[in-house]
Amino acid sequence: MQLLAVLENRVLIAAVLAWFIAQVLKVVLVFWKEKRIDFSRMVGSGGMPSSHSALITAMAASVGKYAGLDSVLFAIAATVAMIVMYDAANVRREAGRQAELLNKIVLDLYRDNHLDQEKLKELLGHTPVEVAAGMVLGIAVGVFV
């Protein structure tokens, strides 16, 4: 019966639901912008909105709702949320920029030699707007679930 308890955990449900909504929105926004369906966005990182931010803020908002905004649990959840969003908008975004630059360098070096090189993943992080959109989505889901 422990499995049933996990399935009834509203904090977990809110977090996973916010992540899922964010990932679906990525597919919808790619379709709207580029007129193509890209289901790889359902599992990919980066893009609008940040699913990491949505998941973690839904968790934090739900913890605040059920444990209280003055609780130690909410303080921990909010702090972790800040770290995740900072990482998404700064560390992972810079890693993506570095991957983009490295891909250009490798392409230039190997173009004339007909060598195949594995391309680094460039869409890793988020712009501040993508993080903010994920945060708003997460808070909304966390409060209303």
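Taking (1) touching a residue at least 24 places away in the same chain (Cβ under 8 Å); (2) within 19 Å of GLY142 (Cα to Cα); (3) surrounded by 20 or more Cβ atoms within 10 Å (Cβ to Cβ); (4) of a type outside the set (Lys, Arg) in turn, ALA89 satisfies each apart from (2). For the stretch 98-145, the candidate set comprises residues that are charged (D, E, K, R), surrounded by fewer than 13 Cβ atoms within 10 Å (Cβ to Cβ) and not in a loop (DSSP other than H, G, I, E, B); within that set, the residue that is modelled with the highest pLDDT is LYS104.
For the stretch 62-79, check the following and say yes or no: at least one residue is on the phi > 0 side of the Ramachandran plot, part of a loop (DSSP other than H, G, I, E, B) and modelled with pLDDT of 80 or more. Looking through the stretch 62-79, at least one residue is on the phi > 0 side of the Ramachandran plot, part of a loop (DSSP other than H, G, I, E, B) and modelled with pLDDT of 80 or more. Anything in the stretch 11-29 that is touching a residue at least 60 places away in the same chain (Cβ under 8 Å) and surrounded by 22 or more Cβ atoms within 10 Å (Cβ to Cβ)? List them, or say none. Scanning the stretch 11-29 gives ALA14, ALA15, ALA18, ALA22.
Per-residue answers, yes or no, for (1) among the basic types (Lys, Arg); (2) closer than 19 Å to VAL80 by Cα; (3) more than 13 Å from the chain's Cα centre (by Cα):
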| position | (1), (2), (3) |
| --- | --- |
| ARG10 | yes, yes, yes |
| MET42 | no, no, no |
| GLY47 | no, no, no |
| HIS52 | no, yes, no |
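Is there any pair linking a residue in the stretch 43-55 that is in contact (Cβ under 8 Å) with a residue 40 or more places away in the chain and part of a loop (DSSP other than H, G, I, E, B) to one that is among the β-branched types (Val, Ile, Thr) and crowded, with 24+ Cβ neighbours inside 10 Å, with Cβ under 6 Å and at least six apart or on different chains, and which? Every condition considered, the pairs that remain are SER50/VAL131.
The values are calculated or read from the model by the stated rules, or taken from the named source; none is laboratory data. Owing to the predicted nature of the structure, the values given are computational and were not obtained by experimental measurement. Counting neighbours? That spans all protein chains shown, and the Cβs are built from the backbone with ideal geometry, glycine included.
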